[in-house]
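What follows is one structure encoded as structure tokens, with my remarks underneath.
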Amino acid sequence: MRSVRVLVPGTTGRFRCGGLLVELQTARLLSQFTAVEMVTYRQREPNHPFLADLLRAEPAGLDLASPLWVVSWGFDVPWLLRRLKGRPTAYHAHSSGYGFDLPAGVPVVAVSRNTLGYWGDRAPRNPLLLVPNALEPMWIERGARGSQRQRPIDVLVQRRKSSAYVLDQLVPALQGRGLRVEVQSGWVDDLVELFNSATVYLYDSAPYWRGRGVSEGFGLPPIEALACGCVVFSSLNHALADNLDPGVVGHQLGAGSLEADLDAIEAAARRPADWLADAAELEPLLVSCSEPALLLRWQAALVRLDQHWQRLAAGEQPLSPPPQATWRWQRLRQSMANRISGLAWALQILR
């Protein structure tokens with residue numbers, strides 16, 4: 001099996017974020033099957049090779065000696081794929097909605113069904129694979145599911161990605177009802193312990209992602225909260241709908257009115273047993289998100305990616321989707337046909 005190079009802009013400072021943590025975890029998982037290198041392309045770092053240096057030193061090629069390059073940073077993907085033309089690549093797709101198209105033959109490894117469906121529409125002739133993000137083992141091993149102990153935090157909110165509705169309306173109103181609400185911001189040494197200390201967890205990322213024009217790629221925080229035995233109230237945008245089932249695994253946040261939300265959250269904080277996800281529904285979800293389960297998916301994905309690039313190296317031509325102009329013309333023709341049909345129907349009524 002060919003080696004893998006996971007591309008990230010950098011691993012320190014402003015590049016530290018959820019997307020980086022996922023790629024670091026991906027590199028760790030893939031290293032159980034093949035040789036893996038983290039490669040940076042914006043920030044030079046002493047512990048990692050730099051993209052420009054590698055491209056200068058190594059000729060392009062698709063044979064087995066050529067590593068598989070994994071790109072993921074949404075806004076950088078088109079530029080990276082141009083730099084890597086003629087080399088085996090794969091797009092590890094988190095969020096969707098960036099607006100670019102993929103070259104023919106570039107596979108997509110989607111982290112959610114939502115993202116998979118996006119690329120199934122936008123790149124229907126590219127190889128598509130589904131490998132969800134994995135929970136770090138600490139969440140499953142240390143999460144206080146089933147614990148009946150009193151928790152010091154009634155309601156936990158993480159400031160990052162939280163909506164103005166949660167921060168400016170829900171939080172003050174919940175505090176006004178006597179609930180102990182903590183809004184976490186900044187660095188936390190032990191996130192598992194923080195989540196284990198909360199009865200209810202609120203996550204409302206829809207406005208955050210709408211403002212950026214891209215999607216919630218996977219939505220780990222609600223799953224992490226569920227693993228810690230929290231009652232979860234969440235928006236259901238994008239990939240959050242992959243795993244949350246309102247009233248079964250989690251509950252909808254923003255369900256009609258402020259008072260409805262307040263009543264539900266207060267009831268969950270005071271009687272969590274009535275609101276917690278049923279273990280028979282939750283445990284299979286956590287197992288499917290566990291590293292052992294995702295290792296199997298990555299192993300199968302690597303085999304498929306390797307086979308795909310071997311075929312192209314042997315001279316097979318990748319399929320291409322119909323040109324965008326063809327799709328636009330089809331839509332225009334259908335729109336015109338609909339208008340003509342509507343006009344004919346209206347004339348019949350007037351008669």
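From Cα pairs below 8 angstrom and at least 6 apart in sequence, can you work out the relative contact order of the stretch 4-95, rounded to a whole percent?
It comes to 31 percent, rounded to a whole number.
Where in the chain are the DSSP H helices whose C-alpha atoms run 24 Å or more along the long axis and whose mean Kyte hydropathy is at least -1.0?
Qualifying helices: 291-313, 324-350.
Tell me what the chain gives for mean residue ellipticity at 222 nm when only DSSP H runs of n ≥ 4 count, each as -39,500 (n - 2.57), the sum divided by the residue total, rounded to 500 deg cm²/dmol.
-12500 deg cm²/dmol
Quote to one decimal, in nm, the extra length available between TYR98 and SER320 on full extension: 0.36 nm per residue of separation minus the C-alpha distance between them.
77.9 nm
Have a look at VAL70, ALA110, ALA52 and report the one farthest towards the positive end of the charge dipole of the stretch 44-111, computed about the Cα centre with Cβ charges (Lys/Arg +1, Asp/Glu -1).
ALA52
If you place +1 on the Cβ of every Lys and Arg, -1 on the Cβ of every Asp and Glu, and leave all else neutral, what size is the dipole of the stretch 176-240 about its Cα centre, to the nearest 20 Debye?
Dipole magnitude for the stretch 176-240 comes out near 340 debye.
Please list, by residue number, every one of the chymotrypsin sites (Phe, Trp or Tyr not before Pro) in the stretch 117-214 that is coil in DSSP and has at most 16 other beta-carbon atoms within 10 Å.
Here the sparse-neighbourhood loop sites are TRP187.
Can you compute the FRET efficiency between ALA164 and ARG44 using 1/(1 + (r/R0)^6), with r the Cβ-Cβ distance and R0 = 35 Å? Round to the nearest 0.05.
Taking R0 as 35 Å, the efficiency between ALA164 and ARG44 is 0.35.
Explain nothing, just the number: relative contact order of the chain, from Cα pairs under 8 Å at least 6 residues apart, as a whole percent.
16
Work out the FRET efficiency for ALA300 and GLN252 from their Cβ-Cβ distance, taking R0 = 30 Å, and round it to the nearest 0.05.
0.30
If you keep only loop residues by DSSP, which trypsin sites (Lys or Arg not before Pro) in the stretch 118-153 have at most 12 other Cβ atoms within 10 Å of their Cβ?
The qualifying sites are ARG149.
For the chain, what is the charge dipole size about the Cα centre, in debye to the nearest 20, if Lys and Arg each add +1 at the Cβ and Asp and Glu each add -1 at the Cβ?
Once rounded to the nearest 20, the dipole reads 1500 debye.
How large, in percent, is the carbon and sulfur part of the accessible surface of the chain at a probe radius of 1.4 Å?
Result for the chain: 53 percent of the exposed heavy-atom area is carbon or sulfur.
Which of the peptides 57-67, 240-250, 305-315, 153-163 is most tightly packed, and how do the rest follow, going by the mean number of other Cβ atoms within 10 Å of each residue?
153-163, 240-250, 305-315, 57-67
Might you tell me the accessible area per residue for the stretch 28-135, computed with a 1.4 Å probe and given in Å²?
43
What's the magnitude of the charge dipole for the stretch 9-87 around its Cα centre, counting Lys and Arg as +1 and Asp and Glu as -1 at the beta-carbon? Answer in Debye, nearest 20.
The dipole magnitude comes to about 260 debye.
Would the stretch 1-73 count as rounded, prolate or oblate if I go by the C-alpha gyration tensor, calling it rounded below 1.5 in a/c and otherwise prolate when a/b exceeds b/c, oblate otherwise?
Note, shape of the stretch 1-73 comes out oblate.
Given the options GLY19, VAL192, ASN126, identify the residue whose Cα lies farthest towards the positive end of the charge dipole of the chain (+1 on Cβ of Lys, Arg; -1 on Cβ of Asp, Glu).
It is ASN126.
Which FRET efficiency, nearest 0.05, do VAL188 and ARG56 yield, Cβ-Cβ r, R0 45 Å?
The pair VAL188/ARG56 has a calculated efficiency of 0.60.
Ordered by packing density, taken as the mean number of other Cβ atoms within 10 Å over each peptide's residues, highest first, how do 24-32, 279-287 rank?
Going from most to least packed, we get 24-32, 279-287.
The values are calculated or read from the model by the stated rules, or taken from the named source; none is laboratory data. This is a predicted model, so every value here is computed, not measured. In this analysis, Cβ positions are derived from the backbone assuming ideal geometry, glycine residues included, and neighbour counts consider all displayed protein chains. Keep in mind that these areas ignore ligands, DNA and RNA; they rest on the heavy atoms of the full protein, side chains included. Shrake-Rupley method; radii C 1.70, N 1.55, O 1.52, S 1.80 Å.
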